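The block underneath contains the structure these notes are about, expressed in structure tokens.
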Ligand code: NAD
């Protein structure tokens, strides 16, 4: 069976890394890749050739890879959308959203540090003592926890908000403090996900975020509620009172942003506060992002391919969720 890998049109990542060859071979799959598909991620055509991938043109691949082509729905095809893989323990090794969120959380802190005109760790020098940077993280899911860990490693003092009770222990285990807003909606039936909060809760949360934001230097905003607009947590008033030179990195930008002024895919300055709106920071780490993305896909194929043929059994919960279009 041929598996075709085409060049991404919007991202620097590539779906299959050269190192995946031996695993594809064990599955009886014959990989074809569009010339230049891996270049932006640091994988040249030669690296694929050395791993026995067939290098071909886009049109050759589209006409040869008849069984699985990711992201193409205009033919009579089985289309698997990796972002529809369920967020369950069994599916963790195929969870592209987690892979990318983790990288984005890490990169968000580096971006924040880069735009901030100060340093993270406390430093005592003969010329004076430099206090540590204060980082506030909004939303302690996959990206938020990685941001906390990264900021702590760099020496910052970190605090975090989340509405899920389970997040408290995870935040504290990373050495950050957890800021609790009383009265969050019960999320026990949401399978680990956040649920939407009442306007009254959000108002109290915004007031507490404002109180803490005035003491913060960097805010990493990651708060999202699946399928809904991101909650507004950093208001115009908060920004007008924040210290000039502070930085906000808003990873929730593509779903509306946690900050009132966020513009998706833009960096702006308001009241001297730098506001970076970017939900796809993983793409700036496109080498490692491609490797993790590739591993997620291989793990999916190891489940969905038997004896060199595709077996998209909808009795399997992971396949049922991810199969967004089925061949007739
Ligand atoms: P997400 O990107 O949907 O949201 C990010 C975080 O924002 C979440 O922690 C959410 O609780 C929080 N949030 C929502 N509203 C908020 C508000 N008003 N204030 C502060 N925080 C708010 O989340 P995610 O990173 O995709 O993870 C969601 C959940 O799924 C987490 O519990 C995570 O551990 C779980 N998960 C499980 C698996 C697995 O078991 N395979 C994999 C990935 C994620």
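The values are calculated or read from the model by the stated rules, or taken from the named source; none is laboratory data. Bear in mind that the values here come from a model prediction, so they are computed numbers and not experimental data. With ideal geometry, Cβ positions are generated from the backbone for all residues, glycine too; neighbour counts draw on all protein chains shown.
Per-structure values
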item	result
Criterion (under 16 Å from the mean Cα position of the chain (by Cα) and within 30 Å of residue 2 (Cβ to Cβ)) met by exactly one of 294, 325	294
Subset of the range 61-116 [at pLDDT 95 or above and more than 16 Å from the ligand (Cβ to nearest atom)]	110, 111, 112, 113, 114, 115, 116
Flag for residue 3 being at pLDDT below 95, more than 22 Å from residue 283 (Cα to Cα), more than 16 Å from the ligand (Cβ to nearest atom) and out of contact with any helix residue (DSSP H, G or I) (no Cβ under 9 Å at 6 or more places or on another chain)	no
Residue tally, condition buried (at least 17 other Cβ atoms within 10 Å of the Cβ), more than 16 Å from the ligand (Cβ to nearest atom) and either free of Cβ contacts under 8 Å to residues at least 24 places away in the same chain or in a loop (DSSP other than H, G, I, E, B) (or both), over the range 212-263	4
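Residue-wise test of (1) within 8 Å of the ligand (Cβ to nearest atom); (2) assigned by TED's automatic domain parsing to the domain that holds residue 241; (3) crowded, with 17+ Cβ neighbours inside 10 Å.
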position	(1), (2), (3)
125	no, yes, no
143	yes, yes, yes
151	no, yes, yes
165	no, yes, no
172	no, yes, no
189	no, yes, no
